[in-house]
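The values are calculated or read from the model by the stated rules, or taken from the named source; none is laboratory data. Worth saying up front: this structure is predicted, and the values here are computed from it rather than measured. Here the Cβ positions follow ideal geometry from the backbone for every residue, glycine too, while neighbour counts run over all protein chains shown.
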Amino acid sequence: MHESQIRHVADAMTNRRYTKDKIIIRVGDIGDEEFVFFPGIISISKSLTLHNMEGTDQRDKSLIQLSESDDVFFGEMSLLGNKERSATLIAKTDVELGISTESQVRELRRLILILVTDYFIISG
């Protein structure tokens, strides 16, 4: 990729920093952003209702911890009609995320299509 192409992709995202223990996404919130991982570690958890002899107990259960080396993005399901978030994400260290709104994701797809088309035209 040329530097100008990289700049176009970077411009289609906003960076946001979260400090350790800050909630990034809360289950049940309506979402309109997709996230791409940069440096840091996050924990993904779900709220579970446990039934026992004494009644019920509501607890958050950590499902997984992820870092930028896992090459993940998340929140994309909320872009399909402003759906509720399905899990809670918490910064376990200071975290930096690339954030794209629905219109920014459309712009990224357009740029990728141009890059792929240019690649095939050049490589013949």
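I'd like to verify a number: residues in segment 79-124 that are modelled with pLDDT of 85 or more, among the β-branched types (Val, Ile, Thr) and either surrounded by fewer than 10 Cβ atoms within 10 Å (Cβ to Cβ) or in contact with a Phe, Trp or Tyr (Cβ under 7 Å, 6 or more places away or on another chain) (or both), how many?
Count: 2.
Determine whether segment 24-36 contains at least one residue that is under 29 Å from Leu115 (Cα atoms) and over 16 Å from the mean Cα position of the chain (by Cα).
no
What tally of residues in segment 101-123 results from selecting those that are of a type in the set (A, V, I, L, M, F, W, C) and in contact with a Leu (Cβ under 7 Å, 6 or more places away or on another chain)?
1
Has segment 1-18 got any residue that is in a strand (DSSP E or B) and either on the phi > 0 side of the Ramachandran plot or more than 14 Å from the chain's Cα centre (by Cα) (or both)?
No, every residue in segment 1-18 fails to be in a strand (DSSP E or B) and either on the phi > 0 side of the Ramachandran plot or more than 14 Å from the chain's Cα centre (by Cα) (or both).
In segment 18-49, how many residues are over 22 Å from Glu102 (Cβ atoms) and among the acidic types (Asp, Glu)?
So the count comes out to 1.
Which ones in segment 16-28 are crowded, with 18+ Cβ neighbours inside 10 Å and not aromatic (Phe, Trp, Tyr)?
Passing the criteria: Ile24, Ile25.
Go through (1) at pLDDT 85 or above; (2) exposed (fewer than 14 other Cβ atoms within 10 Å of the Cβ); (3) assigned to a strand (DSSP E or B) and name the single condition Ser69 misses.
Every listed condition holds for Ser69 apart from (3).
Restricting to segment 50-66, name every residue that is among the hydrophobic types (A, V, I, L, M, F, W, C) and part of a loop (DSSP other than H, G, I, E, B).
Met53
If I filter segment 102-123 for residues that are of a type outside the set (S, T, N, Q) and not in a helix (DSSP H, G or I), do I get at least one hit?
No, segment 102-123 contains no residue that is of a type outside the set (S, T, N, Q) and not in a helix (DSSP H, G or I).
Could you tell me which residue of segment 46-66 is nearest to the chain's Cα centre (by Cα), considering only residues that are exposed (fewer than 10 other Cβ atoms within 10 Å of the Cβ) and over 17 Å from Ile23 (Cβ atoms)?
Among residues in segment 46-66 that are exposed (fewer than 10 other Cβ atoms within 10 Å of the Cβ) and over 17 Å from Ile23 (Cβ atoms), the one nearest to the chain's Cα centre (by Cα) is Thr49.
Is one or more of the residues making up segment 29-45 in a strand (DSSP E or B), modelled with pLDDT of 85 or more and exposed (fewer than 12 other Cβ atoms within 10 Å of the Cβ)?
Yes, that holds for at least one residue.
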